[in-house]
Amino acid sequence: MSKKLILGGLKALKEVVIDNVNGIGAVGDNQNVDYLGLRVLMKPSMFLELADTRDFFARSSSYIADKIEDGEAIGSPFLSVNVDEEGDQPAEVTQHEGRNRMTAILNVEGDDPIEVHIFLAQGMRRRHLTDAKLRDMQRIMISQDGDVVRSYGRNLFEVI
């Protein structure tokens with residue numbers, strides 16, 4: 001039976017251990033996310049919809065799945081986004097890291113939300129992101145493939 005932790009109205013997995021210093025896939029920016037961007041809860045399926053869909057290494061995701069099942073930690077997957085500060089264009093995903101981790105989580109734990117980091121591109125920092133722009137990002141974003149991804153009734157992510 002899975003143990004769940006409720007955060008911001010979404011369930012967060014306790015089984016997946018997040019270690020943004022030493023976990024599989026951790027990068028330096030993960031340790032400075034509160035300055036560079038935001039921590040959010042996002043479903044693996046949503047992350048995969050926002051990241052590009054080019055081929056990935058199934059072998060890598062199965063290796064990571066085995067490590068998650070063994071209790072090993074992972075670094076938070078992340079998305080880098082461009083935000084139109086002055087206009088009304090949706091935020092656009094320009095990079096990602098963690099597609100294999102999210103595929104592994106989806107296969108091992110299901111589609112419950114997990115901590116994801118959103119980094120703001122073009123020199124923006126968290127302090128530059130207005131509440132209105134953040135709400136817009138929760139409702140609509142452009143995927144790395146150029147597709148419009150909208151929330152219908154639920155936000156794309158919840159800030160934690």
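The values are calculated or read from the model by the stated rules, or taken from the named source; none is laboratory data. Since the model is a prediction, treat every value here as computed from it, not as a measurement. Note: ideal-geometry Cβ built from the backbone for every residue, glycine included; neighbour counts use all protein chains shown. In case anyone asks, the SASA skips ligands and DNA or RNA and just uses the protein heavy atoms, side chains included. Shrake-Rupley method; radii C 1.70, N 1.55, O 1.52, S 1.80 Å.
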Just checking, does segment 107-127 include any residue being more than 28 Å from residue 17 (Cβ to Cβ), basic (Lys, Arg) and free of Cβ contacts under 8 Å to residues at least 24 places away in the same chain? yes
Strands (runs of 3 or more DSSP E) contained entirely in segment 1-87, each with at least 1 residues that are loosely packed, with under 14 Cβ neighbours inside 10 Å, at pLDDT below 90 and β-branched (Val, Ile, Thr): 4-7
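Give segment 147-160 a look and list any residue that's at pLDDT 95 or above, open to solvent by less than 50 Å² (accessible area, probe 1.4 Å) and out of contact with any Asp or Glu (no Cβ under 7 Å at 6 or more places or on another chain), or say none.
If the condition is that a residue be at pLDDT 95 or above, open to solvent by less than 50 Å² (accessible area, probe 1.4 Å) and out of contact with any Asp or Glu (no Cβ under 7 Å at 6 or more places or on another chain), then 156, 157, 158 are the ones that fit.
Matching residues to (1) surrounded by 17 or more Cβ atoms within 10 Å (Cβ to Cβ); (2) among the hydrophobic types (A, V, I, L, M, F, W, C); (3) not in a helix (DSSP H, G or I):
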position: 93; (1), (2), (3): yes, yes, yes
position: 102; (1), (2), (3): yes, yes, no
position: 107; (1), (2), (3): no, no, no
position: 132; (1), (2), (3): no, yes, no
Being farther than 25 Å from residue 74 by Cβ and buried (at least 16 other Cβ atoms within 10 Å of the Cβ): is that true of residue 136 here? yes
